[in-house]
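K.L.:
This is the structure, below, for whatever I ask next.
The values are calculated or read from the model by the stated rules, or taken from the named source; none is laboratory data. Keep in mind the model is a prediction, meaning the values are calculated, not measured. Backbone-built Cβ (ideal geometry, glycine too); neighbour counts: all protein chains shown.
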Amino acid sequence: MTEEVELPPQLQEQLARLQQLQQTLQAVMTQKQQLEIEASETDKAVAELDKVTDQTPVYKSVGSLLVKSDRQTLLARGADEGEDQGASGEAAGEAETDELSKLRESHVTIASEQVNWNAQLRSLLSRVKESESAALFCHQNADPDATCSAFALQSLIQKLAPATSTKIVCPEGVSSSTKQLLENLGITVPDGRLPAKVDLAILVDTNTLDQLGQTAEKLTRAETPIIVVDHHHPHPDTVKIASQLVVDESAAAAAEVVYKLWQTSNVEVGAQEARSLLAAIFIETKHFLLATESTFEIAAGLVKAGADPRHLSELMSNPVSRSERIARLKAAGRSQVALLGEWIVATSELGSYQSSAARALLTLGAHVAFVAGESKEKIRVNMRATEGFYSKTGIHLARDVSIPIGKKLAGVGGGHATAAGLSVPGQLQDVLKICVDVLKESLGPLQT
């Protein structure tokens, strides 16, 4: 049996400090978002006052009452508030930048209890309403969690900000199983075409622009504002450029994050949206094997909204194809095994179905699986780990393995604790070796 490793006092102190910084950052970001909303409302009020004369009757809101005032008084007040909000916003921005610089490289987890859902929804809606056109983007080979979450979020936006046109965009297409599910749900399968104009980009279940392929360059060149709605560990590059992060790492699926936005809005979830979100959660949690207490609470809410769990198997009826079965067998036949203490790490190479193969290797007995393949002059690695490995070691595949390797090899990595991905230039075997080496380094004394 392995002995428990007690952290040195200095490291314990650093972890405590990290938790304090995390709480401070969340508070600062919430304050900044609230100030931005107030500043926007003030600007709109001043703009309306500029359209009238001093003789025009004007009123100011005091609680639930409208009190008569005069134009010049309100203009002066608006200017004063604008300066105060600007100074506060600047201070908040400086504090945010300072805290972010400390946290971007740290092992930070954004949990549900640390998310101010009311502030997040207000900020998101404010940005949406300021935009004529918003596009909801899903990652490459979009899965059910990405597409169903995007569908439900689009429905919520259409109810709360009907003047803004919205479109779901999957730049690199959707997986075959996702296409079948969407058709079973009666949802139009999204295409990869961008609208003529995109004023706002909302990344759903997508934590980095690189997961959008060539579309990423277009958004970057146009300096399109970005909002991330996700449950993965935030990518440092995305933290730098995003206008807003609606992230809950404690959520088992992006669909849970979207449901909490619906819940906060007090708008009743439609039956089709409920079915979509429940199906996404069911698939993302491996039929609830990876579910949390919160997951079941959300699932119960979706059932009340009209989702019938008895029909989930019918919605997902998509038998494994012959080619996928062959790919899994090839991956197993090509696999190599590394023993890191009590942990079994399997690596393999495959031209397609890497995700399916990685899951299959876990089923065969591996604790961690890395399956790599070449795609568009890049090496793509699909990473999977068992829940037991994560709970005992604390090693987060995205935070500790894929993101650091992505930075090191001038590529990109992302994902969450037990499922992550990597896209980098290089040679296939070299990249797989680096994956094992970084995992070994992260394990440290836990190998013995």
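K.L.:
If you go through segment 368-378 one residue at a time, do you hit one that is of a type in the set (S, T, N, Q), at pLDDT below 95 and closer than 25 Å to G426 by Cβ?
P.N.:
Looking through segment 368-378, at least one residue is of a type in the set (S, T, N, Q), at pLDDT below 95 and closer than 25 Å to G426 by Cβ.
K.L.:
From (1) surrounded by fewer than 14 Cβ atoms within 10 Å (Cβ to Cβ); (2) assigned to a loop (DSSP other than H, G, I, E, B); (3) in contact (Cβ under 8 Å) with a residue 12 or more places away in the chain, pick out the condition that doesn't hold for A291.
P.N.:
(1)
K.L.:
Which is of a type in the set (S, T, Y) and either without any contact (Cβ under 8 Å) to a residue 24 or more places away in the chain or touching a His at 6+ places or on another chain (Cβ under 7 Å) (or both), of T347, T363?
P.N.:
T363
K.L.:
Just wondering, is there one or more residues in segment 320-335 that are in the same structural domain as G421 (by TED's automatic domain parsing), part of a loop (DSSP other than H, G, I, E, B) and either in contact with a Gly (Cβ under 7 Å, 6 or more places away or on another chain) or among the aromatic types (F, W, Y) (or both)?
P.N.:
Taking every residue of segment 320-335 in turn, none turns out to be in the same structural domain as G421 (by TED's automatic domain parsing), part of a loop (DSSP other than H, G, I, E, B) and either in contact with a Gly (Cβ under 7 Å, 6 or more places away or on another chain) or among the aromatic types (F, W, Y) (or both).
K.L.:
At pLDDT 95 or above and surrounded by fewer than 21 Cβ atoms within 10 Å (Cβ to Cβ): which single residue out of G365, G394 fits that description?
P.N.:
None of the others qualify; the one that does is G365.
K.L.:
With of a type in the set (A, V, I, L, M) and not in a loop (DSSP other than H, G, I, E, B) as the only criterion, which of I395, I403 stands out?
P.N.:
Going through I395, I403 in turn, just one is of a type in the set (A, V, I, L, M) and not in a loop (DSSP other than H, G, I, E, B): I403.
K.L.:
Tell me, please, whether a residue that is among the polar types (S, T, N, Q) and surrounded by 13 or more Cβ atoms within 10 Å (Cβ to Cβ) can be found in segment 309-319.
P.N.:
yes
K.L.:
If you don't mind, there's one more thing I want to ask. Those residues that are over 27 Å from the mean Cα position of the chain (by Cα) and part of a loop (DSSP other than H, G, I, E, B), I need them from segment 352-384; list them, please.
P.N.:
G365, A366
K.L.:
Taking V381 as the residue in question, decide whether it is buried (at least 17 other Cβ atoms within 10 Å of the Cβ) and in contact with a Cys (Cβ under 7 Å, 6 or more places away or on another chain).
P.N.:
Yes; evaluated as a whole, the condition is true for this residue.
K.L.:
For V345, indicate whether it is among the hydrophobic types (A, V, I, L, M, F, W, C), over 22 Å from F151 (Cα atoms) and not in a helix (DSSP H, G or I).
P.N.:
Spelling it out, V345 is indeed among the hydrophobic types (A, V, I, L, M, F, W, C), over 22 Å from F151 (Cα atoms) and not in a helix (DSSP H, G or I).
K.L.:
Let me ask something else. Are there any pairs, at least 6 apart or on different chains, whose C-beta atoms fall under 6 Å, with the first in segment 183-210 and over 24 Å from A419 (Cβ atoms) and of a type in the set (D, E) and the second outside any loop (DSSP other than H, G, I, E, B) and at pLDDT 90 or above, and if so, which?
P.N.:
Every condition considered, the pairs that remain are D199/S133.
K.L.:
If you don't mind, there's one more thing I want to ask. Checking the condition closer than 24 Å to A135 by Cβ, assigned by TED's automatic domain parsing to the domain that holds I157 and out of contact with any helix residue (DSSP H, G or I) (no Cβ under 8 Å at 6 or more places or on another chain), which residue from A255, A280, A242 passes?
P.N.:
Of A255, A280, A242, the one residue that is closer than 24 Å to A135 by Cβ, assigned by TED's automatic domain parsing to the domain that holds I157 and out of contact with any helix residue (DSSP H, G or I) (no Cβ under 8 Å at 6 or more places or on another chain) is A242.
K.L.:
Would you say T178 is assigned to a helix (DSSP H, G or I), under 26 Å from A417 (Cα atoms) and assigned by TED's automatic domain parsing to the domain that holds R127?
P.N.:
In short, yes.
K.L.:
Restricting the search to segment 116-175, which residues are over 20 Å from L277 (Cβ atoms) and out of contact with any helix residue (DSSP H, G or I) (no Cβ under 8 Å at 6 or more places or on another chain)?
P.N.:
Of everything in segment 116-175, those that are over 20 Å from L277 (Cβ atoms) and out of contact with any helix residue (DSSP H, G or I) (no Cβ under 8 Å at 6 or more places or on another chain) turn out to be R127, K129, S131, E132, S133, A135, N141, P162, S165, G173.
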